[in-house]
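The values are calculated or read from the model by the stated rules, or taken from the named source; none is laboratory data. All figures in this text were calculated on a predicted structure; none of them were measured in a lab. Quick reminder, even Gly has a Cβ in these numbers, built from the backbone with ideal geometry, and neighbours come from all protein chains shown. Just the protein is used for accessible areas: all its heavy atoms, side chains included, with ligands, DNA and RNA removed. Shrake-Rupley method; radii C 1.70, N 1.55, O 1.52, S 1.80 Å.
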Amino acid sequence: MSPRAVLVGPPGAGKTTVGTLLAATLGVPFRDVDADIETTAGKPIPEIFIDFGEDHFRALERAAVAAALSEFDGILALGGGAILAAETRDLLTGHTVVYLSVELSDAVSRVGLGAGRPLLALNPRATLKFLLDQRRPLYEQAATVTVVTDGRTPEDIVAELAGKL
């Protein structure tokens, strides 16, 4: 069993929105690793960060990604930072990995300025720029398909992806 596609990208790229629509278009289920983590932990991600720290969250994330990659066959969305783990990048090899690319201005307008996103709590615009710059090479390395999302509707992005998949 293997996901039909794995969506990666920074906060604001549209992984959940596009993933949900893409799954419906293709007639397959949608799964979000962040939701899996919240279910496992029994609390929202911001509380996991506050109560246990980022290292604990990342360990939960690595385990959730590994499980989803081995047991799920629909459209899978990873959290924006999942790509940071070399173990996760290795597990993505051989999968159809879709990098939803977004530039800073569109990302900021989509995510707002940090509400519910622990890594964006302080100086969200500067932090988001740092995350985009830091992670972009990792997303590009893992991707088998790249789709630019800036200035586009989710429906337009899904139409392009459905054609590519």
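What to note about this one:
- Expected 222 nm ellipticity per residue - DSSP helices of 4 or more, -39500 (n - 2.57), all of the chain, to 500: -17000 deg cm²/dmol
- Highest to lowest packing among 141-153, 17-29, 74-86, scored as the average C-beta count within 10 Å: 74-86, 17-29, 141-153
- Region 30-110, accessible surface, carbon-and-sulfur percent (1.4 angstrom probe): 50
- Here region 1-37 is scanned for amide nitrogen atoms under 14 Å from the site 7 Å beyond the Cα of A162 along Cα-to-Cβ, giving 18-28.
- Selection from V147, G27, A59 lying farthest towards where the dipole of the chain points positive, charges on Cβ: V147
- Global size of the chain as Cα Rg and Dmax, reported in angstrom: 14.8, 43
- Reach of K164 by Cα under 21 Å, taken over lysines that are not fewer than 8 positions away in the same chain: K15
- Taking the Cα centre of the chain as origin and assigning +1 to Lys and Arg Cβ atoms and -1 to Asp and Glu Cβ atoms, the resulting dipole is close to 240 debye.
- Solvent exposure of the chain amounts to 46 Å² per residue of accessible area, where only protein heavy atoms count and the probe is 1.4 Å.
- Given charges at Cβ of Lys, Arg, Asp, Glu: the chain dipole, positive-most of A5, T88, A126: A126
- Dimensionless Rg/Rh of region 1-76 - Kirkwood Rh, Rg from C-alpha atoms: 0.99
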